[in-house]
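Just below is one structure, and these are the notes that go with it.
The values are calculated or read from the model by the stated rules, or taken from the named source; none is laboratory data. Worth saying up front: this structure is predicted, and the values here are computed from it rather than measured. We place every Cβ from the backbone using ideal geometry, glycine too, and count neighbours over all the protein chains shown.
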Amino acid sequence: MHKKLFIPGPTEVRKDIREAMNFPMFGHRMPETTQLMGEVADKLQKLLYTNNFIVISTSSATGLMEACSRNLIKNKGLHLTCGAFSDRWAKISKACNKDVDVVEYEWGKGTPASDIEEKIKTGKYDAVFVTHNETSTGVLNPLKDIGEMMKNYPDVLLAVDAVSSMAGTEIRVDDWNIDVVLASVQKCFALPPGLAIASVSDKAMEFSAEVEDKGFYFDFQAFKKYWDKAKQPPTTACLNLIAALNYQLDKIINQEGIENRVKRHKEMAEIVQNWTRENFDFFADQNYLSPTVTCIKNTKGISVASLNEELGKRGAVISNGYGKLKEQTFRIAHMGDITVDEIKWLLGEIDNIIS
């Protein structure tokens, strides 16, 4: 029996999305690729409210996180960490032999814009790296406020991991002064994994051009070179996934509507949050609750593994706590193409099992 995915990635992939990948293959240097890539880039610009250059990468989002580390740090970078995945990005920068400072917040806490400003006004940093939605803890950081503050520091780049928020929350790249924002497609986009996307500002591209030793695969300049030449990728791309993304973006923009999609995610989140208040407690600071994944403190001491085993018999799966939070917390994702009714059904099944 298929287990419906209420985990924070990969998320449930609808049948019509899977079918959108089934077509005769064409070459990545053919006109069909130029047309496909152009359509996807235009739609991603609409989704993100930006005119910035769009990178479409056959990789996980980790690849584009490494791209930011390699392209946006010449002297020194600043990482703000508040969970497993923001911490991981700092480790990526260090693995790329970049000089970085890391400001660690307690897991479950958010990252206020004022704290970031205290650091960057020292003038030491080329770029600041922020995780919008920390999947391990269910924290949504105040990206709009951070971007507004960054307008006072035009020489510092803002790079954002929006892996588990893009296509589920509002992200206004140009208005919010975001230089690079990246995501993969197996979360709120509700596609199979294997593709990552980013928007990159002119300022970030100009900075990248002056950085040496960026490697080969994730050099922003290489993406731009091939794009300017023929709107094609620098290396062989997973065209079937790009076609599925093109199809899904049509659904998001033209059928559901961007604002309605954000509203649906918010509604699903509120249902799970109200259930959490009644039955358990939040791990995350309630001032920073995520609209795409809720991290629930296991105040009743239930066996999360056993709960998931029983849920599996009923056709669903949720996530245990991540890393050191295993069994201390569990996570319910409400992202992608999951519906309000499906969330209500899931919570009803959990209630039935626990009782």
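For residue 284, state whether it is surrounded by fewer than 18 Cβ atoms within 10 Å (Cβ to Cβ) and either in a loop (DSSP other than H, G, I, E, B) or of a type in the set (A, V, I, L, M) (or both).
Values: surrounded by fewer than 18 Cβ atoms within 10 Å (Cβ to Cβ): no; either in a loop (DSSP other than H, G, I, E, B) or of a type in the set (A, V, I, L, M) (or both): yes.
When the stated conditions are applied, residue 284 does not pass them.
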All positions within the range 301-312 that are touching a residue at least 12 places away in the same chain (Cβ under 8 Å) and among the charged types (D, E, K, R): 310
Count of residues meeting criterion [touching a helix residue (DSSP H, G or I) at 6+ places or on another chain (Cβ under 6 Å) and at positive phi] in the range 305-319: 0
Of all residues making up the range 257-281, the number that are in contact with a strand residue (DSSP E or B) (Cβ under 8 Å, 6 or more places away or on another chain) and in a helix (DSSP H, G or I): 6
Any hit, the range 126-135, residues being among the hydroxyl-bearing types (Ser, Thr, Tyr), in the same structural domain as residue 61 (by TED's automatic domain parsing) and within 16 Å of the chain's Cα centre (by Cα): yes
All strands (runs of 3 or more DSSP E) inside the range 73-172 with 1 or more residues being at pLDDT 95 or above and acidic (Asp, Glu): 100-104, 157-161
Filter result for the condition that a residue is surrounded by 14 or more Cβ atoms within 10 Å (Cβ to Cβ) and either touching an Asp or Glu at 6+ places or on another chain (Cβ under 7 Å) or at pLDDT below 95 (or both), over 346, 325, 289, 311: 311
Residue 72 vs. criteria buried (at least 22 other Cβ atoms within 10 Å of the Cβ) and closer than 30 Å to residue 297 by Cβ: no
Failed item, numbered, when residue 192 is tested on (1) surrounded by fewer than 19 Cβ atoms within 10 Å (Cβ to Cβ); (2) more than 25 Å from residue 269 (Cβ to Cβ); (3) in contact with a Leu (Cβ under 9 Å, 6 or more places away or on another chain): (2)
When residues of the range 196-220 are limited to those that are free of Cβ contacts under 8 Å to residues at least 60 places away in the same chain and assigned to a helix (DSSP H, G or I), the one surrounded by the most Cβ atoms within 10 Å (Cβ to Cβ): 203
Residue tally, condition surrounded by 22 or more Cβ atoms within 10 Å (Cβ to Cβ) and either outside any helix (DSSP H, G or I) or among the charged types (D, E, K, R) (or both), over the range 37-53: 1
Every pair of residues 6+ apart whose Cβ atoms lie under 8 Å, when the first sits in the range 273-300 and is free of Cβ contacts under 8 Å to residues at least 24 places away in the same chain while the second is β-branched (Val, Ile, Thr) and in a loop (DSSP other than H, G, I, E, B): 280/299; 281/299
Filter result for residue 187 (of a type in the set (Lys, Arg), closer than 19 Å to residue 290 by Cα, in contact with a Gly (Cβ under 8 Å, 6 or more places away or on another chain) and not in a strand (DSSP E or B)): yes
Residue list for the range 149-181, filter: under 19 Å from residue 63 (Cβ atoms) and out of contact with any Gly (no Cβ under 7 Å at 6 or more places or on another chain): 157, 159, 160, 161, 162, 163, 165, 166, 167, 179, 180, 181
